[in-house]
1. Name the aspartates and glutamates eligible as straight-distance cross-link partners of A:LYS389: C-alpha to C-alpha under 12 Å, and not fewer than 8 places from it in the same chain.
2. Expressed as a fraction of 2.2 N^0.38 Å, the rule-of-thumb size for a compact globular protein of N residues, what is the C-alpha radius of gyration of the range A:653-706?
3. Which whole number gives the average count of other chain Cβ atoms within 10 Å of the Cβ atoms across peptide B:93-99?
4. Fewest to most neighbouring Cβ within 10 Å: what's the order for A:THR596, A:THR929?
5. Just the ratio, please: alpha-carbon radius of gyration of the range A:734-828 over 2.2 N^0.38 Å, N its number of residues.
6. Could you pull out the pairs from A:LYS663/A:LYS724; A:LYS662/A:LYS919; A:LYS896/A:LYS1081; A:LYS391/B:LYS112 whose alpha carbons sit more than 20 Å apart here?
7. If only Cα atoms are counted, what is the Rg of the range B:1-106, and what is its Dmax, in Å?
8. Between the DSSP loop rule and a limit of at most 15 other Cβ atoms within 10 Å, which GluC sites (Glu not before Pro) in the range A:980-1025 are left?
Amino acid sequence: MSGGGYAAQNGAGGSYTNGPSQNPVGVYSSNQGLMAPPLTGFMNSLTTKGPPPPGPNPYITGRHQPSPVAPPPSSWSGVAPPPSSYSQHPQPGVTPPPVAPPPSSYSQHPQPGVMPPPVAPPPSSYSQHPQPGVTPPPVAPPPSSYSQHPQPGIMPPPVAPPPSSYSQHPQPGVTPPPVAPPPSSYSQHPQPGVMLPPVAPPPSSWSGVTQAPVAPPPSSWSGVTPTPVAPPPRSWSGVTSTPVAPPPVGNHTGPGPYSTGTRLPPVFQNTMQPPAALQQAGLYQAQPGQMIRPPAYHSPSAPALYTQVQPSGSAAQLSPSLAAMSLQSQTPEALRVVNLLQERNILPSGAVTPPTPCLPQDLQKINCCPEVFRCTLTSIPQTQALLNKAKLPLGLLLHPFKDLSQLPVVTSSNIVRCRSCRTYINPFVTFVDARRWKCNLCHRVNDVPEEFMYNPVSRSYGAPHKRPEVQNATIEFIAPSEYMLRPPQPAVYLFVLDVSHNAVETGYLDVVCQSLLENLDSLPGDSRTKIGFITFDSTIHFYNLQEGLSQPQMLIVSDIDDVFLPSPDSLLVNLSECKELVQDLLTGLPQMFSSTMETQSGLGPALQAGFKLLSPTGGRISVFQTQLPTVGIGALKPREEPGQKAHAKEVQHLNPATDFYKKLALDCSGHHVAVDLFLLSAQYCDLSSLGCISRYSAGSVYYYPSYHRQRSPAQTERFQRDLKRYLTRKIGFEAVMRIRCTKGLSIHTFHGNFFVRSTDLLSLANVNPDAGFAVQMSIEENLLDLQAVSFQAALLYTSSKGERRIRVHTLCLPVVNSLSDIFAGADVQAITALLASMAVDRSVTASLGDARDALINAAIDSLSSYRSSVLSVQQPGLLAPACLRLLPLYILALLKHRAFRTSASTRLDERVFSMFQLKSQPLPFLMLTVHPGLYRADDLSDEGALNVSERTIPQPRALQLSVEKLSRDAAFLMDCGTVLYLWIGRNCNPVFLTQVLGVESYAAVPLNMDQLPELDTAESSRIRALIDWLRERRPFHPVLHVIRDESPLKAEFLQYLIEDLSESALSYYEFLLHLQQQICK
Amino acid sequence: MEAAVFILSLVDCCALIFLSVYFIITLSDLECDYINARACCSKLNKWVIPEMIGQALATVLMLVSMHWFVFLLNLPVASWNVYRYVKVPLGNMGVYDPTEIHNRGQLKSHMKEAMIKLGFHLLCFFIYLYSMILALIND
């Protein structure tokens, strides 16, 4: 079918695209009435006839091609961006001029430093109105309705002040240039400079506001850019694979050359845009008020629109090919039928990119960045029945506190929220008229408060829909006092260190103390920051660091059954006032216990002491533990049977052994104390029990198996780097997160580290930028009359500077009513991550075997549902839509993941740790641990390389994880998230050996090499650039192991080659056959 | 004698009805966000054992007085209570665990269970009442 279908597509598509590209809306507007038809019909037509026409390509290419290439900024300022659409509808004819300014005014902001100059022109154009004019602004841009309001003419500037929050702008009259100051001043009041350091320059954030708020890490993604063109053709032509006996070429070769030949990928994608526009046009009508864009408007500006889209938002991070493709023509590509048994090269050449929801372009443009907020189905089914039929999990993956490079920050005395469901106003609300807005979650109509009528960005009055709150899906508010139950707490850090004999033996104390000493000044906090230390073995040692003492005083409490605080006031001290004492302590601490013979460990009492110490303020406890707690409350017994061979049904003790840690964690959580656990141990430590302390208090868990300072230098390096990141990363205190969704959807399960305090409220004692969350949802009421649904995650926290802030992310997704649309919008990575979390739950509540079966069934169910409900033509083989083609591979990878594998003997703690990681890591890092990246490392070239801040980073193609891909005369780099392997083939090119590794021959490669020498050769610098780049993009530090055949780590390396047959697990091809059997049964 | 047994069961049954209502009210409070999970679960866990004892008492009474039908009616509920209590994983804080109650629709299933028990106890109430009256008349 695919062959014929595709041929037809290209032919038939001609008319299709032509229409839209020339008068996009023209064609569509006729369809408007039908609404639904465009959507569904669109899909159908795609599968059967499809749009992509070669014809119009050149035409459009001419215009659009540049856009992706063009530096975003330029296109930004040049072309009127999003807001234009709003202001235009009233009098398109009249408006052009006014339209221009706002965008420009936006684009000024990005670099606050740079601002003045760029600002100058626009403001002038802009401020002209306000000054003289009194009239022009109100009249021109905003819908006439506004001008009716109280002397609008005079108002804009003068009125502005009244809203107290903006009173900074007092004399806007003066303003021509001032435009610049206001924005900055705006975001700056709240000492932005100070606050946001990690986040981004706040002023810019302001401005960043409009355009690329979502786009933060384009660089990282754009790595994909060079190659993107290739993917579709490649995967096609990769086609013929060895394993498949049957007719490997059959339908493949058909499309293969076809696609490569006929559709020039980039061109093709661009052409695809119009259909999307259409589709959107369809959606559009649904949106009343502000969102409506008269068709007439659409066509003239269509080109402009397209060009903007590319650089903006999420599109920017996608590879152009995918961006264009998924934006525009997701359907055909995503639903392309792939016969997995025949197609071997299913990996995209670059990163796997999330699908883009089929939303109107301007909504999509401001939609929440997929790195922050992702849904497993980018098209939400209308009914639960439909969802059940699709057999795909519905859920959200969040990374709410991610470090963002641009984040708009708003200070406002009155944060506009829906009166009934308390949703924060967001870009996806609709303005019923100038004075009222309709909540997109509960559909209640709310009044727009007076202050909100004034837009501080453009300093105009009467255009609430241009406020940053309505222009940004990710925004941060500085919360007024209503959002505080008590005065914001200071940053409080307590370190609880194990100093038993075992701990001293590992030598971790030196590293911790050293890192702390180095980073004492960069601990996030302000002048109120407090710090304290507790050490413990079978007794608990407190340290009096009171100002005025000449040296730290150790207070020993040996009554661990009833812990008390010896001197409650002086154990937690102000860091800046007592820094010298703290430094003294840290320098002396490692030696203090060097000769200890105490082997017992009373972790429980020490934690209780820590909790007592912090409970009045809240804060963070960092616990370093190296052995099983043996005395006092919370003591544990070893449960792991040594040498236990894991069989599916027999992995036990995944459950905690006691509820002590859970109870304590909940107490901590109630008092805003989070506990982070660092476990450095060679023996079994019962992480499943200990981990509860972090899991329910919203902490994080770090595990360094077999840590020893001398014996495992690589581990030490990793520990050091992780510590540095841990100590200096941003932190939010006394946080809560609420996840709201449109009425009809409800969240029923949560994954991650936190305590669910009430139905949708997660209590996070601390929130850190490396924490990911996931939730599962169900559809409780049918979403029949909705075009789109929204999800909002609002994170209220106290910054380390003692400010109460609210970070709000809003994601909007379309609602669809056909199975094929649901499949087309499936996000395979998100699905995998959610399934992994669900499987972890299952293995704890039921058994590991159950969890594994459930994973396999998930793949079988969804593929068979696709086969029976979506595919019209049945053909042999294992068929999957292109967007889900990686699902079986990922499921297999999960089955071989340390958390779920049964083949290799896996230590219980490592398994439990992997499970924790699966539940609490953000998606991109999680995917790396599940499905590592494998690259050929000895022929890196600058072709298609990425340029990041003047460094050239080669972008090798990702290879399948199979021994078959390794060759003896090459070297390969494998990126497994927390560890990197550089595998050297036996006959590896000697040039590579000398130029990169600095050794003469293969035999001279050391068996445990953890670093690449810094050689001054092109090869060396290329590979080091690649490795550095890979490392920079994640918050933890992956260690590098150079390995060869004789290396002890080789077995570990081979375990990651998940496509191969292993001890008791299927190879990828066998797994596919198994799936096929089950599906066809 | 017969009458005394049923009067006692009647009293026991009333207590169980009140307990079920209390469970339902507390769970629905949690559903509506009036109390937090921690408070709700500690409240409910307190009453799990009394409920178990109350139910066991009714069952034993029926067994001793050899009312086989009512005994068999009570037995499954009593054993369910015991089973539920015994099956609590070590790491959980009781039958109602605050960290789990919002997950995997547990709240709903607890609610359903409480409802079913309420219905059951009401049924029992009328059976006891009827039997008591019958016994009093026969006396």
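Here, each number is a calculation from the coordinates, and none is a lab measurement. Bear in mind the structure is a predicted one, so any value in this text is a computation, not a measurement. So basically every Cβ, Gly included, is an ideal-geometry build from the backbone, and we count neighbours across all protein chains shown.
1. Counting by Cα, and skipping residues close in sequence, A:LYS389 has these aspartates and glutamates nearby: A:ASP861.
2. Relative to the 2.2 N^0.38 Å estimate, the range A:653-706 comes out at 1.11.
3. Mean inter-chain Cβ contacts per residue within 10 Å come to 4.
4. The most exposed by this proxy come first: A:THR596, A:THR929.
5. 1.24
6. A:LYS663/A:LYS724; A:LYS896/A:LYS1081; A:LYS391/B:LYS112
7. 15.9, 48
8. A:GLU1000, A:GLU1014
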